[in-house]
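The next block holds one structure in the form of structure tokens; read it before the comments.
The values are calculated or read from the model by the stated rules, or taken from the named source; none is laboratory data. The structure presented is a predicted model; accordingly, all values stated were derived computationally and were not measured. Every residue, glycine as well, gets a Cβ built from its backbone with ideal geometry; the counts of neighbours run over all protein chains shown. Surface areas here come from the heavy atoms of the whole protein model, side chains and all, with no ligands, DNA or RNA. Shrake-Rupley method; radii C 1.70, N 1.55, O 1.52, S 1.80 Å.
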Amino acid sequence: MAEDIPLFPLNVVLMPGAPLPLHIFEERYKQMIGECLEEDKEFGMVLSDESGTREVGCTARIVEVLERFEDGRMNILVEGSRRFRLNNILTGKPYYVGEVEYIEDEPEDGEEIEGLARECISLLERVVKAATGGSVGIEIEPPYQNLSFAIAGRIDFESEVRQQILELPTEKERLERLKVLLERAAERLERERENQRRAEKNGYLHKGWERPS
């Protein structure tokens with residue numbers, strides 16, 4: 001069933017369950033956020049860049065107004081809620097309105113998802129350790145609901161990669177995609193840290209080089 005919601009096209013991909021701070025400064029979006037606050041309703045966020053406006057986005061729930069300015073500008077904190085498919089952009093208001101249909105995941109095998117989830121959490125811990133140099137526990141406990149979105153919200157992937165994950169129809173497909181991305185990220189970060197360690201140890205990145213006499 002289609003529904004009309006306020007729409008905020010932006011060069012950002014919001015994930016379900018992920019927090020995102022926003023600075024609201026355009027007059028039309030000041031009005032939009034004001035109405036959402038008054039009516040306690042969500043608005044839709046959809047990636048829009050030089051390649052155009054995407055068809056799949058995520059609704060944003062306003063968690064907190066962090067700061068208000070005299071000219072009406074606002075700093076707000078939102079959290080991703082529901083995925084949607086954008087069927088049409090409507091006119092008639094100062095801001096965009098989208099005609100959307102909400103997207104539900106297809107039923108899946110829970111045991112298969114749990115296995116993939118454990119692999120992705122292990123890889124995420126590996127990425128964090130390689131990036132920080134320390135062992136940091138990832139506080140994600142079963143059941144692993146929407147784990148793919150939780151991970152994609154933590155890692156600084158490019159917008160196009162985030163969009164691809166957002167559009168995948170099942171948790172299995174999203175976790176499989178993330179598994180590949182996390183493995184690549186972990187390997188790259190580990191190489192960089194090893195090169196840095198070698199450079200700090202002897203001033204050279206490659207074995208076999210001799211120090212000048």
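General observations
Yes/no per residue for (1) acidic (Asp, Glu); (2) surrounded by fewer than 17 Cβ atoms within 10 Å (Cβ to Cβ):
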| site | (1), (2) |
| --- | --- |
| Thr53 | no, yes |
| Arg61 | no, yes |
| Arg83 | no, no |
| Pro94 | no, yes |
| Asp105 | yes, yes |
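- Of the residues in the stretch 103-112, not one is modelled with pLDDT of 95 or more and out of contact with any Lys or Arg (no Cβ under 8 Å at 6 or more places or on another chain).
- One residue stands out among those in the stretch 74-87 that are among the aliphatic types (A, V, I, L, M) and in contact (Cβ under 8 Å) with a residue 60 or more places away in the chain: the one that is farthest from His23 (Cα to Cα), which is Leu86.
Every residue, every condition in (1) open to solvent by 10 Å² or more (accessible area, probe 1.4 Å); (2) in contact (Cβ under 8 Å) with a residue 12 or more places away in the chain; (3) under 21 Å from Glu160 (Cα atoms), yes or no:
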site	(1), (2), (3)
Pro21	yes, yes, yes
Ile33	no, yes, no
Glu39	yes, no, no
Glu42	yes, yes, no
Ser48	yes, yes, yes
Glu64	yes, yes, no
Gly72	yes, yes, no
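- Residues satisfying the criterion are present in the stretch 152-170 (criterion: open to solvent by 70 Å² or more (accessible area, probe 1.4 Å), within 16 Å of Ala18 (Cβ to Cβ) and at pLDDT below 90).
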